[in-house]
Amino acid sequence: MINHFLKGTINQLFKKKMQNPIYKTIILLTLILIIKQGVKAQSNTLFFMDGIHQSNYLNPAYQNQCNGFLGLPGFSGLSIDVANTGFDYNDLIHNGQGILKDSLVIDIANIKAKLKNSNYLMAGTQIPIFGMGFWVKNAYFTFDISNKTRARISYPSDLVKLVDGNGNYIGENNPLEIKGVGPNLLNYNEIAFGLSKQITHRLTIGGKFKILSGNVSVESTNSNIKLYTQENTYAMRLETDLKLNISAPVAFEYDENGFIKGIKTDTVFGVSNLISAKNMGMVVDMGAVYQFNDKIKFYGSITDLGFIRWKNNAQNITQKGTFTFSGLSLDSVWTNSSYNEFQTVADSLANFFRFSQSYSKYNTYLNTNIFLGTTYDIGNFMNFGFLSKTYFFDKKIHEALTLSANFKPVKWFCGTLSYSYINREYRNIGLGIGIRTKGIQFYVLTDNLNVAFKPKDAKVARIQFGFNLYFGCGKRENLPMLKDKKPQKSLDFM
């Protein structure tokens, strides 16, 4: 009877939530962004790929040795990234043991053991609209226009542990406190102006200034949920304090108490809504390459240091309240066929999850990245590289490490083989190749080639590919920095 009650209540509550305009709006925006964009990310394998213009995205000090570069809309540098830091498919669904060895089982216990305090389901794209690079004397200039999308849902481990019920959160573990659960969606257009210049015979520096135009934002700024359980009766009290910032082409309708009850049907989400100059932002990238000696080179860069100011249709959605459930009369449920306790509880919960709205401008800070790396040359066409990527989001520091072997045996071909630790996953073998013929280059790279062979074991799926047009190749390629020439000991350190 209790299981029947829980099943009925959950079914009723799910139906109610799907009627809630906030949930429908978030789901709609998520689907639109992911479907329209594919499913922003740059591959770590790309960083040391000499001869690929897109390396300049990760370190603005990178210089292409051809006289000119041209990127065409949608063809030059499409990147797709999907990741789940918590678990992979085989962690959740796999063959059982014993009498279940020939059957698939859903292993919730294994998932609970795998999860960290904070876990993330992420997707992103970067779609090029236009790009160019050219030399003016000894300075390399770049200009790029692109559309970028970032989608992230955070979920704490305690959310999954609730599958075992609330009995584990009595006494010193009372209350169960769940923080950091919620969506973050971001779509914006970017115009980037870059300059790279060799300052001394050893040091090359570069920088980019980016102008951003925000299109869509859904940002969870506060997510605090507490579940209290009474030790003797197991009565529950749920307290919530939630806040979302939204800037999107949607408008809400309100009931007589000022709570959101629906979405206005005359609001249309189209291409015109994704082209706006009202939510402006700015970002800077900085980078450097230092030739320590004839074999060792050091790299460093900071990218996406900046923010977007959301002014147009900026809305702040809040929900704060308390819900108490003391149980139900099983006798009434058993003897009275018209007694619908499931519906009563579901209605109470639906009224509890009511959202109010205000209008305030807000800032979204981009996920800043710090790259530090080094290479050691083996001959004239091969080097080994080490890269550390530190990136920031959700007020936390995250780390990725990559080892690579990089090849450029001839002018028209470059390749990279890499091994990376990314998103708490160490099983990432990467591969990148670039082939250029008659001014047209095709390149493709991934940080985790193993996805193609064992997709159910992967936490990360990342690929980047495209076509580049190059002009005037040859003269500068014959004069790369310090090629076949050791630095003179008499020269100063710089």
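A Cβ distance below 6 Å, combined with a sequence gap of six or more or placement on separate chains, defines the contacts here; from region 47-75, residues that are over 21 Å from Lys297 (Cα atoms) reach residues that are in a helix (DSSP H, G or I) in the pairs Phe69/His53.
I need every pair where a residue in region 466-481 that is basic (Lys, Arg) has its Cβ under 7 Å from the Cβ of a residue that is modelled with pLDDT of 80 or more, sequence separation at least 6 or different chains. Short answer, once both residue conditions are applied: Arg476/Gln65; Arg476/Cys66; Arg476/Asn67.
Counting only strands (runs of 3 or more DSSP E) that fall entirely inside region 229-276 and contain at least 1 residues that are modelled with pLDDT under 70 and within 24 Å of Pro183 (Cα to Cα), the qualifying elements are 252-254, 260-263. Looking at region 382-432, which of the residues that are part of a strand (DSSP E or B) and charged (D, E, K, R) is nearest to Val460 (Cα to Cα)? So, considering only residues that are part of a strand (DSSP E or B) and charged (D, E, K, R), the one nearest to Val460 (Cα to Cα) is Glu425. For region 127-155, a residue qualifies if it is aromatic (Phe, Trp, Tyr) and over 27 Å from the mean Cα position of the chain (by Cα), and the qualifying residues are Phe134, Trp135, Tyr140, Phe141.
Restricting attention to region 73-125 and to residues that are in a loop (DSSP other than H, G, I, E, B), among the small types (Gly, Ala, Ser) and on the phi < 0 side of the Ramachandran plot, the residue that is surrounded by the most Cβ atoms within 10 Å (Cβ to Cβ) turns out to be Ser76.
Of the residues in region 157-171, none is out of contact with any Pro (no Cβ under 9 Å at 6 or more places or on another chain), in a strand (DSSP E or B) and surrounded by fewer than 16 Cβ atoms within 10 Å (Cβ to Cβ). Restricting region 126-144 to residues that are of a type in the set (S, T, N, Q) and either surrounded by 17 or more Cβ atoms within 10 Å (Cβ to Cβ) or within 24 Å of Gly86 (Cα to Cα) (or both) leaves a set whose member that is modelled with the lowest pLDDT is Gln126. Taking region 184-207, which residues are within 21 Å of Val82 (Cβ to Cβ) and either surrounded by fewer than 18 Cβ atoms within 10 Å (Cβ to Cβ) or of a type in the set (Phe, Trp, Tyr) (or both)? Result: Tyr188, single match.
The values are calculated or read from the model by the stated rules, or taken from the named source; none is laboratory data. None of the values given here were measured: they were computed from a predicted structure. Every residue, glycine among them, receives a Cβ derived from its backbone with ideal geometry; neighbour counts consider all protein chains shown.
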